[in-house]
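The values are calculated or read from the model by the stated rules, or taken from the named source; none is laboratory data. Predicted, not measured: the structure shown is a model, and the values here were computed from it. Every residue, glycine as well, gets a Cβ built from its backbone with ideal geometry; the counts of neighbours run over all protein chains shown. Quick note on the areas: whole protein, heavy atoms, side chains included, nothing else; ligands and nucleic acids left out. Shrake-Rupley method; radii C 1.70, N 1.55, O 1.52, S 1.80 Å.
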Amino acid sequence: MARGERSEEVWAWYEAVYEAIQEIPHGRVTSYGHIARLVGKPERPRQVGVCLKNLPSPSTDPSKTSPRWNSGNVPWQRVISASGRISPRGPSGASRHAAALRAENVEVNQGAMGELTVDLGRFGWFPDVLPSEAGLVESSDEENEEEAAYHT
DNA sequence: TTGCTGACATGGT
DNA sequence: CACCATGCCAGCA
């Protein structure tokens, strides 16, 4: 019973998450939590992670159609933690992630422990609403978030 | 079926 | 600055 309905909710969630991620501009990054807010569920940043973990790879077989959303058309690499760190999650997972970001000119720093981080003050992208839902913003000055409150 | 894990975030110590 | 506890809930054993 609730199984079917539940499935649809889950599908809708995945769909919303993937679409939101596709709106992240090239060369910019945002956080799991921000994606969660953009899709209306600020309390579930972890579920955003679940979506990315289950993001399929594009089909290598030309005769088959690739999944609607796959690692080839969803910029998964532009989603990192709110602290600007790339979650280890695997032995070489983070480095792959970093490589993908550097490929689009995003500067990835490395801590002494090998922790990979990105300066959110410069590459972060945190709009209040998705551009697609903002009704094609016509102008207004872009928000300069240079204020990067760094206080080391 | 039940229970634990985890591509996170936030607030407290 | 670093840990620790809690909320969330889809996957997976």
Determine whether A:P42 is touching a residue at least 12 places away in the same chain (Cβ under 8 Å) and either within 15 Å of DNA strand B (Cβ to nearest atom) or closer than 26 Å to A:G124 by Cα (or both). no
Check A:S66, A:S31, A:S81 and return the single one that is free of Cβ contacts under 8 Å to residues at least 40 places away in the same chain and over 12 Å from A:Y14 (Cα atoms). A:S66
Of the residues in segment A:50-63 that are in contact (Cβ under 8 Å) with a residue 24 or more places away in the chain and not in a loop (DSSP other than H, G, I, E, B), the one that is farthest from A:L116 (Cα to Cα) is A:C51
Residues of segment A:81-122 that turn out to be open to solvent by 30 Å² or more (accessible area, probe 1.4 Å), hydrophobic (A, V, I, L, M, F, W, C) and modelled with pLDDT of 90 or more, as a count: 4
Going by what's in this entry, would A:L116 be described as within 16 Å of DNA strand C (Cβ to nearest atom), of a type in the set (A, V, I, L, M) and touching a residue at least 60 places away in the same chain (Cβ under 8 Å)? no
For segment A:15-30, the count of residues that are under 22 Å from A:T117 (Cβ atoms) and either open to solvent by 70 Å² or more (accessible area, probe 1.4 Å) or within 7 Å of DNA strand B (Cβ to nearest atom) (or both) equals 2
If A:G33 satisfies all but one of (1) within 12 Å of DNA strand C (Cβ to nearest atom); (2) over 26 Å from A:D119 (Cβ atoms); (3) part of a helix (DSSP H, G or I); (4) not aromatic (F, W, Y), what's the number of the condition it fails? (2)
Selection within segment A:68-80 - buried (at least 16 other Cβ atoms within 10 Å of the Cβ) and either assigned to a loop (DSSP other than H, G, I, E, B) or on the phi > 0 side of the Ramachandran plot (or both): A:W69, A:S71, A:V74, A:P75
